[in-house]
Amino acid sequence: MTKQEKNQLIDDLAVTLTATDVIYIADTSELSAEATSDLRRNCFKKNVKMSVVKNTLLKKALERVEGKDFTELYDVLAGPTALMLSDTGNVPAKLIKEFRKTHERPILKAAYVE
């Protein structure tokens, strides 16, 4: 990925984060491909946008968002990171809780609800 592509990705992510008031950061590592597909399917059904992001790109995107203070989220940006975005504050939390009844992950790392 070129530097220009990374900057474009960071800008796109920053725009998305600016427009979203509910951000969950989770660890979905060690999930099998089938379990990951199930989690993504559940997210789609509940109107939660889930994507796996690189920590450095996410941090730079968080820094570019104006009007919101994400500094407390920087400490959890280590290891595998899945970003879950929603319009409703508790939907990702309920989704994670329900999914954890049959799987060990995702593990909630942090959340930002405005």
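The values are calculated or read from the model by the stated rules, or taken from the named source; none is laboratory data. Remember, predicted model here, so these are calculated numbers, not experimental data. Please note: Cβ atoms are built from the backbone with ideal geometry, for glycine as well, and neighbour counts cover all protein chains shown. We work out accessible area using only protein heavy atoms, side chains counted, and drop any ligands, DNA or RNA first. Shrake-Rupley method; radii C 1.70, N 1.55, O 1.52, S 1.80 Å.
Considering only segment 86-114, state which residues are touching a Pro at 6+ places or on another chain (Cβ under 8 Å) and not in a loop (DSSP other than H, G, I, E, B). First the steps, then the outcome.
Step one: list which residues in segment 86-114 are touching a Pro at 6+ places or on another chain (Cβ under 8 Å), which gives 86, 96, 99-100, 111.
Scanning segment 86-114 gives Ser86, Ile96, Phe99, Ala111.
Which residues, counting only those in segment 1-35, are among the hydroxyl-bearing types (Ser, Thr, Tyr) and within 15 Å of Leu108 (Cα to Cα)?
Once the filter is applied, which keeps residues that are among the hydroxyl-bearing types (Ser, Thr, Tyr) and within 15 Å of Leu108 (Cα to Cα), segment 1-35 yields Tyr24, Thr28, Ser29.
Lys49 - would you say it is under 22 Å from Val15 (Cα atoms) and under 14 Å from the mean Cα position of the chain (by Cα)?
On the way: under 22 Å from Val15 (Cα atoms): yes; under 14 Å from the mean Cα position of the chain (by Cα): yes.
It is true that Lys49 is under 22 Å from Val15 (Cα atoms) and under 14 Å from the mean Cα position of the chain (by Cα).
Name the single residue that is modelled with the lowest pLDDT among those in segment 71-85 being surrounded by 12 or more Cβ atoms within 10 Å (Cβ to Cβ) and not in a helix (DSSP H, G or I).
Selected residue: Pro80.
Select from segment 61-87 the residues that are within 28 Å of Ala33 (Cβ to Cβ) and either polar (S, T, N, Q) or in contact with a Cys (Cβ under 6 Å, 6 or more places away or on another chain) (or both) and list them in ascending order.
Hits for segment 61-87 are Thr81, Ser86.
If the requirement is being surrounded by 13 or more Cβ atoms within 10 Å (Cβ to Cβ), in contact with a strand residue (DSSP E or B) (Cβ under 9 Å, 6 or more places away or on another chain) and within 12 Å of Thr20 (Cβ to Cβ), which of these qualifies: Lys68, Lys109?
Result: Lys68 is the single residue among Lys68, Lys109 that is surrounded by 13 or more Cβ atoms within 10 Å (Cβ to Cβ), in contact with a strand residue (DSSP E or B) (Cβ under 9 Å, 6 or more places away or on another chain) and within 12 Å of Thr20 (Cβ to Cβ).
A quick yes/no check of all residues on (1) loosely packed, with under 11 Cβ neighbours inside 10 Å; (2) outside any helix (DSSP H, G or I); (3) free of Cβ contacts under 8 Å to residues at least 12 places away in the same chain:
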residue	(1), (2), (3)
Gln4	yes, no, yes
Gln8	no, no, yes
Leu17	no, no, no
Glu30	no, yes, no
Ala35	no, no, no
Cys43	no, no, no
Met50	no, yes, no
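So the check is Cβ under 8 Å with 6+ separation or different chains; which pairs have a first residue in segment 77-105 that's in contact (Cβ under 8 Å) with a residue 12 or more places away in the chain and polar (S, T, N, Q) and a second one that's part of a loop (DSSP other than H, G, I, E, B) and open to solvent by less than 70 Å² (accessible area, probe 1.4 Å)?
Listed pairs, sorted by first residue: Thr81/Val53; Ser86/Thr20; Ser86/Val48.
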